[in-house]
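Chemist: Take this structure first; my questions come after.
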Amino acid sequence: AMRRSVSSLLALTERYRAMDAVRFMERRLQQAERTWSTAAHELAARTNGTSRARMKILVHLGLLTGDSGRWFNSGTGQGGPLGELVQWADALAALHALGHSLSITATLPDLHRLLGVPPGNGACPIEKALPFDLIFTDYLGIEQMSKSMGLSFREYACRYRVVDTFGTEPAFNHEAYATKNGFKSEWGHWNLQPQQYMTMFPHTPDNSFLGFVSEVVSEKKKVTIPKDDHMAMVYGKKDEMWKGKEQYLKVISRHMAVHGTVGGSLTSLPKFVHNHGLLSQRDIQLLLRRAKMFVGLGFPYEGPAPLEAIASGCVFLMPRFDPPHSSHSTAFFKGKPTSRLVTSQHPYAERFIGRPHVWTVDVGNLSEVEAAVIAIKSLPAVEPLLPYEFTAQGMLERVYAYLTHQVGLLAHSLVLAHLVSLNHRGSSRDMSSYHRLFVKDFCSPGPQRWPPSSAMQAVASEGGVSCQDACWARGLVCEPSFFPLVNTQDAFARLGLRCGAVERRASHLVPAFTHNGSHCLLQEETLLFSCAGAGETRVCPCRDFRRGQVALCRDCS
Ligand code: UDP
């Protein structure tokens, strides 16, 4: 059954309440309780009568352990990163609302205890069968598990879900391939199914888009706050983010009052800035409802705050990056397992939202900046916009779909049938033992493909264009789970590509076709199927998607 109160979830986080980061997450959960409750009620009504397995899920917050934990905890009230905490709080809220049985760990000893890792140093296979159907963790957490679980680590690989803000492309995920072909990075190389990585924004369709929720303030009585056309709020809660931005901000200050929410040292803040200091999430959202414009400084990349601003009726003005930022050119992305070219501070806002809500400018060109500010200031009220995928309903629908379909449908449906029959005989002990059996099979493909293959549209990309971009240019998204369907000579022929020769290769750029010699290149390593990556003419499996819910196809449930 869906859950509509967060109290039993807060009982699980209580153990770690001494941590500032955990208290931040708890406040967020409490503030958003009614929002999640409504979403759970709505989903329950929509899925009424559908049997679901209640899964045992471990959430291990690697980011809160050891040195990383000290860093997150000390930064929570001091302008440190909050995006990850926002995402984890919302992931917990969604898993809890869906009625699953959760355990939470935020220290290594607690992780070892729950996994059943024998005490002592060094990696040891766990003593009994893994007592969880799924484990949600992050890059730090997966590393900790690999170091302590010994041989058991790979045995249970299909059960891991790695919450990974910026995404991991297949070429970086496949360890041997990455080492041989220059994709080795500090973080990738876990040889998981690429969809086991769950991202904050729909960066690359190779991963699953987990997301977060942008509608947090839930008031009993809606207070109307009039917009102030003269008010601009700057996105940057740490002084260092403001360094070197004075000219850009000065232009804005000629037309609007510039406000900030910066904590700690204030040496880079121009004198004309009205600084409110760091605020609670609720207070920051109240300020955003008054401001006309939210101003990006170029960093942080791809955080939650711009979506909150746009959902509060602000126009988001941000820097364009030309040339784009990437792991080759920018210190921040160095070592991140992605070849993404980041064309602005917030590519999701640029690509999926755009004008009139989002304006992207060259901040080195002050006349372009000024023209944008004047135009934004004189815009009639811009309606608040919250993409459905960033509402609690949208996130819950998506997580529900992943937990239903990404866990081996065949095993699932067979076991459900069996559970029902055991239930009739009233044997709850047999039921749980059978449930253990079924979870062994998480990687098995189901009898029905998901998304359904009827949603597929095969496309041949232009040379030098990735499948991700080729699909997008046609109003579609690349769907990695359809790759096996286009990895055949027949599929090539249906696209008018006649094979002079056929070659099987392990490469993240195939299936592909070379016009010079009419070679059909077929994939021989399924872990390397990749929407990202441009090479020869690529053969791409695209699908349609729901407006505002790009993770799901139109006929997906
Ligand atoms: N935020 C906050 N107080 C502030 C500034 C921001 O609580 O003074 C919140 C904001 O509402 C958002 C979260 O911090 O939900 C993350 O913001 P950001 O986009 O800055 O991402 P980060 O860089 O922290 O990961």
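Each reported figure results from applying straightforward, stated rules to the coordinates on display, with no laboratory input. Please read these numbers as outputs of a predicted model, since none were measured by experiment. Every residue, glycine among them, receives a Cβ derived from its backbone with ideal geometry; neighbour counts consider all protein chains shown.
Chemist: Quick one: Kirkwood hydrodynamic radius for the range 141-202, alpha-carbon pairs, angstrom, one decimal? Provide the component values of the computation, followed by the final result.
Modeler: Values: mean 1/r = 0.0827 Å⁻¹.
Final number for the Kirkwood radius of the range 141-202 is 12.1 Å.
Chemist: Hey, what did the range 7-133 get for relative contact order, percent, Cα under 8 Å, at least 6 apart? Before the final figure, lay out the partial values.
Modeler: Details: 117 pairs, mean separation 41.2, N = 127.
Answer for the range 7-133 is 32 percent.
Chemist: Taking 8 Å as the Cα distance limit and 6 or more residues as the minimum spacing, I'd like the relative contact order of the chain as a percentage.
Modeler: Numbers: 1079 pairs, mean separation 68.3, N = 557.
Relative contact order for the chain comes out at 12 percent.
Chemist: Taking Cα atoms of the range 440-557, Rg/Rh with Kirkwood Rh, to two decimals?
Modeler: Working: Rg = 14.2 Å, Rh = 14.5 Å.
Here Rg/Rh amounts to 0.98.
Chemist: What does the convex hull of the Cα atoms of the range 127-276 come to per residue, in Å³, rounded to a whole number? Don't skip to the answer; put the middle values down first.
Modeler: Values: hull volume 32.6 nm³, N = 150.
Enclosed volume per residue, from the Cα hull, is 217 Å³.
Chemist: Excluding residues on the same chain fewer than 8 positions from Lys271, give the aspartates and glutamates whose Cα lies under 16 Å from its Cα.
Modeler: Asp239, Glu240, Glu246
Chemist: Let me ask something additional. Counting DSSP beta bridges in the chain, what percent are antiparallel, to the nearest 5?
Modeler: Working: 15 of 53 bridges.
So the antiparallel bridges amount to about 30 percent of the total.
Chemist: Turning to a different aspect of this structure: Based on a Kirkwood Rh over C-alpha pairs, give the Stokes-Einstein translational diffusion coefficient of the range 270-421 at 4 °C and viscosity 1.567 mPa s in µm²/s.
Modeler: 71
Chemist: If you build the convex hull over the alpha carbons only and average its shadow over all orientations, what do you get for the range 49-184? Give it in nm² to one decimal.
Modeler: On the way: hull surface 41.6 nm².
Dividing the Cα hull surface by four gives the mean projection, 10.4 nm².
Chemist: Can you divide the C-alpha Rg of the range 254-348 by 2.2 N^0.38 Å and report the result to two decimal places? The partial results should precede the final answer.
Modeler: On the way: Rg = 15.0 Å, N = 95, 2.2 N^0.38 = 12.4 Å.
Normalised by 2.2 N^0.38 Å, the Cα Rg of the range 254-348 equals 1.21.
Chemist: With θ taken as phi - 60° and the coefficients 6.51, -1.76 and 1.60, list the Karplus ³J(HN,Hα) couplings across the range 153-166 in order, rounded to whole Hz; mark glycine and proline as x.
Modeler: For the range 153-166, the Karplus-derived couplings read 4, 6, 4, 9, 3, 5, 8, 8, 10, 9, 6, 9, 3, 9 Hz, x marking Gly and Pro.
Chemist: Over all alpha-carbon pairs in the range 1-50, figure out the percentage whose distance exceeds 19 Å. Show your work: numbers first, answer last.
Modeler: Values: 435 of 1225 pairs.
For the range 1-50, the fraction of Cα-Cα distances above 19 Å is 36 percent.
Chemist: Return the inverse of the average 1/r over all pairs of distinct C-alpha atoms in the range 199-323, which is the Kirkwood hydrodynamic radius, in Å to one decimal. Each step should come with its number before you reach the end.
Modeler: Working: mean 1/r = 0.0645 Å⁻¹.
The answer is 15.5 Å.
Chemist: Could I ask something else about it? Before rounding to the nearest 500, sum -39500 (n - 2.57) across all DSSP H runs of length at least 4 in the chain and divide by the residue total; then give [θ] at 222 nm in deg cm²/dmol. Walk me through the numbers on the way to the answer.
Modeler: Working: 20 runs with 188 residues, N = 557.
It lands at -9500 deg cm²/dmol.
Chemist: Considering all alpha-carbon pairs of the chain, what whole percent are spaced by more than 39 angstrom?
Modeler: Numbers: 45329 of 154846 pairs.
Of all Cα-Cα pairs in the chain, 29 percent lie more than 39 Å apart.
Chemist: Also, I was wondering about something else. Bins of 10 Å, beginning at zero and ending with the bin holding the largest distance: percent of Cα pairs per bin for the range 27-77, please.
Modeler: 19, 25, 32, 18, 5
Chemist: Right, here's the next one. I need the Debye-formula profile for the range 507-557: one equal scatterer per C-alpha, no solvent, reported as log10 I(q)/I(0) at q = 0.18, 0.25, 0.26, 0.29 1/Å, two decimals.
Modeler: These q points yield log10 I(q)/I(0) values of -0.67, -0.89, -0.92, -1.02.
Chemist: What are the radius of gyration and Dmax of the range 1-103, computed over its Cα atoms and given in Å?
Modeler: 14.7, 47
Chemist: Can you put Asp544, Asp322 in order of Cβ neighbours within 10 angstrom, beginning with the fewest? Mind showing how you got there, number by number?
Modeler: On the way: Asp544 19, Asp322 10.
Starting with the residue having the fewest Cβ neighbours, the order is Asp322, Asp544.
Chemist: Shifting gears a bit: If you average the sequence gap of Cα pairs under 8 Å that are 6 or more apart and divide by the length of the range 321-408, what percent do you get for the contact order?
Modeler: On the way: 47 pairs, mean separation 14.0, N = 88.
The normalised contact order for the range 321-408 reaches 16 percent.
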